[in-house]
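K.L.:
Handing you this structure, nothing more for now.
The values are calculated or read from the model by the stated rules, or taken from the named source; none is laboratory data. Owing to the predicted nature of the structure, the values given are computational and were not obtained by experimental measurement. Reconstructed Cβ throughout: ideal geometry from the backbone, glycine too, with neighbour counts over all protein chains shown. Note: areas computed on protein heavy atoms with side chains; ligands, DNA, RNA excluded. Shrake-Rupley method; radii C 1.70, N 1.55, O 1.52, S 1.80 Å.
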Amino acid sequence: MSYYLNSENHLDPGPIYVRENGQLHMVNLALDGVRSGLQKPRPFRLFPKGFSVELCMNREDDTAQKEKTDHFIFTYTREGNLRYSAKSLFSLVLGFISDNVDHIDSLIGFPEQIAEKLFSAAEARQKFTEPGAGLRALQKFTEAYGSLVLCSLCLRNRYLVISEKLEEIKSFRELTRLDLSCCKLGDEHELLEHLTNEALSSVTQLHLKDNCLSDVGVRKMTAPVRVMKRGLENLTLLDLSCNPDITDAGIGYLLSFKKLNCLDISGTGLKDINAVKQKLQTHIGLIHSKVPLKEFDHSNCKTEGWADQIVLQWERVTVEAKKPRKVPEPREATQYFYRKRALMEASRKCPLADSHMNSSGKLQFYKEKAPDCHGPLLSQESKKSKKRAFEESEKEQNNSSQSSKQKYVCLTVEDWDLLNSY
């Protein structure tokens, strides 16, 4: 406007209105008076003097400076010149809401496409790792979108994440797969009790390998199904391997899972294995598998859903909180990196659980009429496995019939070594 009034060839600007105290007033000033009262026009500046991109990037703690520059996108032209463009209104609103995502009242009925973008924006700002606020924000998403937030959760050997983020983990709903292997939960853990909650009645695959469980924990886990026909009634796959305190009595509680298609009880404290096999086959139709089932190799263990990266953020935060604050030397940092890598690989292998399983043998069961359970591993080698099982049964019968003769056969150490060499 000042440029317009100072120009030589100007037209009549017309009446000038000024709002003061909520009322609109018309200013009747002579054009010469306006000219005399105006100073030389100052050039318009989009950014304050001394602004630079480096200053903007390095001053993330300065909220005032960030608010001034967060609305623009900076790029470079082919000639190397700095170019900025304004963000869209949608991006600005999305960023503002994600910064205050814990203050949202409800997201029920909100479009899923926009909610996913809002979730990603809040995740990029690590809002879900904040204590208190992260839990409130996560609960708003889980109660509105359920399995879209997370449908499969793998916490294998992540006991630190479970201890630090237990309430956040309990907020997930409509999970279909849950892997808690090698977490040492025990019979009295709060998460084991949460498995019987109605929010997790959709779980179809549950892995509880090497969790220090006993018959007491199995009885608590199966009580809602046995008494009220609720809880884990939709369970089709269950892994209880490497829990030596589970005995024959604990396996009896599993007979209430009528939809169970795959079961792994390797490394448990069974006394009468043949009786357990007969009981499982009679009551729920599970047959002992002669070959390992691919469902229990944990190769496809992964977290799926919007919150798949949040679990990794939780793990990184918990690990950084536990490690010392000392800044290591370059050589120490290298050794720490490779030692940490070896520990992570060893944790994935779970050597204690593997030793239990090797000592007691595989005890995995399946249903013949469940194609999804047995999978392509048996579809490719079904004939070979059946033939192998038939041969093994014949060998067992022959061994039992000739057991009386073998009692009288005395073999030396050299003979046994020769036989073992074959």
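K.L.:
Can you bin region 87-174 into rounded, prolate or oblate? Criterion: square roots of the alpha carbon gyration tensor eigenvalues sorted a ≥ b ≥ c, rounded for a/c under 1.5, prolate for a/b above b/c, oblate for the rest. The partial results should precede the final answer.
P.N.:
Working: a/c = 2.06, a/b = 1.63, b/c = 1.26.
Because a/c hits 1.5 or more and a/b exceeds b/c, region 87-174 counts as prolate.
K.L.:
Could I ask something else about it? Points 7 angstrom from Cα along the Cβ direction at Leu166 and Lys259: gap in nanometres?
P.N.:
A separation of 2.8 nm, rounded to one decimal place.
K.L.:
What FRET efficiency comes out for Lys87 versus Glu112 if R0 is 25 angstrom and r is the Cβ-Cβ distance? Round to the nearest 0.05.
P.N.:
Details: r = 23 Å, r/R0 = 0.93.
The computed FRET efficiency comes out at 0.60.
K.L.:
Still on this model: In this model, which of Lys271/Lys294; Lys87/Lys302; Lys117/Lys220; Lys220/Lys302; Lys117/Lys229; Lys271/Lys302 are farther than 31 Å apart at the alpha-carbon? Provide the component values of the computation, followed by the final result.
P.N.:
Working: Lys271/Lys294 26 Å; Lys87/Lys302 35 Å; Lys117/Lys220 40 Å; Lys220/Lys302 27 Å; Lys117/Lys229 39 Å; Lys271/Lys302 34 Å.
Table pairs above 31 Å Cα-Cα are Lys87/Lys302; Lys117/Lys220; Lys117/Lys229; Lys271/Lys302.
K.L.:
Based on the Cβ-Cβ distance of Glu233 and Leu24, what FRET efficiency does E = 1/(1 + (r/R0)^6) give at R0 = 51 Å, to the nearest 0.05? Please list the in-between numbers first.
P.N.:
On the way: r = 70 Å, r/R0 = 1.37.
My answer for the efficiency is 0.15.
K.L.:
Pull out the extension gain between Val319 and Cys212, defined as 0.36 nm times the separation in residues minus the alpha carbon to alpha carbon distance; nm, one decimal.
P.N.:
Values: separation 107, 0.36 × 107 = 38.52 nm, distance 2.35 nm.
Net length gain for the segment: 36.2 nm.
K.L.:
Then there's this: Once phi is turned into ³J(HN,Hα) by the Karplus curve 6.51 cos²θ - 1.76 cosθ + 1.60 with θ = phi - 60°, what whole-Hz value does each residue of region 232-240 show in order, with x for glycine and proline?
P.N.:
Result, rounded to whole Hz: 8, 6, 9, 5, 10, 9, 9, 10, 10.
K.L.:
May I pose another question? Any idea of the accessible area per residue across region 170-288, 1.4 Å probe, to the nearest Å²?
P.N.:
Details: 4620 Å² over 119 residues.
Result: 39 Å² of accessible area for each residue.
K.L.:
Continuing with the same structure: Once you have the Cα-Cα distance between Asp245 and Gln281, take 0.36 nm times their residue separation minus that, and quote the gain in nm to one decimal. All intermediate terms of the calculation are to be shown ahead of the outcome.
P.N.:
Working: separation 36, 0.36 × 36 = 12.96 nm, distance 2.25 nm.
Contour length minus the Cα-Cα distance gives 10.7 nm.
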